[in-house]
Each structure stands twice: as C-alpha cells, then as structure tokens.
Amino acid sequence: SLAQTYMIGAAGAVIVGDLTREDVETTLAQTRADFKRAAPGAPVVFALNKVDLIQAHDAADRAATLAEAEATDVFATSAATGDAVPDLFRALAARTLRLGL
C-alpha cells in the first residue's frame, strides 16, 4: 500500500488513534502490524488522541489495556490542549536512541 511505502526505513513511529471511536484499538493494532512489516525493529508508541473529549478514567483504562495488549507505551493525548504530547515524543526518542536507530 501507499502508506507502507512511507513507513519503509522509518526509525520509529507515533501511531495516533481517535479515542472517541470505539474501534480505535483495532485500528491502532493493524497500523502497528503494517508498520512492523515495513520497518522491523523500529519502536512504536501510541497516541490515544482527543482525551479532552472523554472521561479521564475511560482514557486511562483504554490506554492501560492497549499498553498491555501491544507491549508498548501508550499516551492519552490531546492535540487541542497539548496534553502528554511532549511525553510521547520523549518516550519515542528514548526508545529510538536505546536501539541506536
């Protein structure tokens, strides 16, 4: 696919999903699988975006469940407010540097 063409050779990825959508976990997992095929060994972090639009405990529960299922860092973020965005990029940078990518 065209998306995988952009993924080839990437040193890492931030995969963003919309927390207001019920199927976000499935979509993120599929995108991660696609990324792993295109860039094996590159680190991935997830951004569950639009945290400002849902209940905080719902966001935390969904983030914890996804982190456990996918064994990666998951951040409940808000593009509108900037919540957790710097933390997300620091985590990805740290993982990338640890791998020497």
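The values are calculated or read from the model by the stated rules, or taken from the named source; none is laboratory data. Being a predicted model, the structure only gives us computed values, none of them experimental. Counting neighbours? That spans all protein chains shown, and the Cβs are built from the backbone with ideal geometry, glycine included. To get the accessible areas, we keep the full protein, side chains included, count just its heavy atoms, and leave off ligands, DNA and RNA. Shrake-Rupley method; radii C 1.70, N 1.55, O 1.52, S 1.80 Å.
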Matching residues in the range 1-32 - criterion: being assigned to a helix (DSSP H, G or I) and under 18 Å from I54 (Cβ atoms): V24, E25, T26, T27, L28
Conditions (1) more than 14 Å from the chain's Cα centre (by Cα); (2) under 19 Å from R90 (Cα atoms): number failed by A56: (2)
Selection within the range 45-71 - over 16 Å from A84 (Cβ atoms) and in contact with a helix residue (DSSP H, G or I) (Cβ under 7 Å, 6 or more places away or on another chain): E70
Residue that is farthest from P40 (Cα to Cα), among those in the range 55-71 that are without any contact (Cβ under 8 Å) to a residue 40 or more places away in the chain and open to solvent by less than 50 Å² (accessible area, probe 1.4 Å): A63
Failed condition for A47, given (1) within 23 Å of A3 (Cα to Cα); (2) surrounded by fewer than 13 Cβ atoms within 10 Å (Cβ to Cβ): (2)
Residues that are closer than 18 Å to R21 by Cβ and not in a loop (DSSP other than H, G, I, E, B), drawn from the range 68-85: A69, E70, V74, F75, A76
Count of residues meeting criterion [open to solvent by less than 50 Å² (accessible area, probe 1.4 Å) and of a type in the set (V, I, T)] in the range 15-30: 2
Unmet criterion (only one of (1) farther than 12 Å from F75 by Cα; (2) open to solvent by less than 40 Å² (accessible area, probe 1.4 Å)) for R37: (2)
Within the range 33-44, considering residues that are closer than 24 Å to A84 by Cα and assigned to a loop (DSSP other than H, G, I, E, B), the one nearest to the chain's Cα centre (by Cα): P43
Subset tally (residues that are surrounded by fewer than 18 Cβ atoms within 10 Å (Cβ to Cβ) and either among the basic types (K, R) or under 13 Å from the mean Cα position of the chain (by Cα) (or both)) for the range 73-85: 1
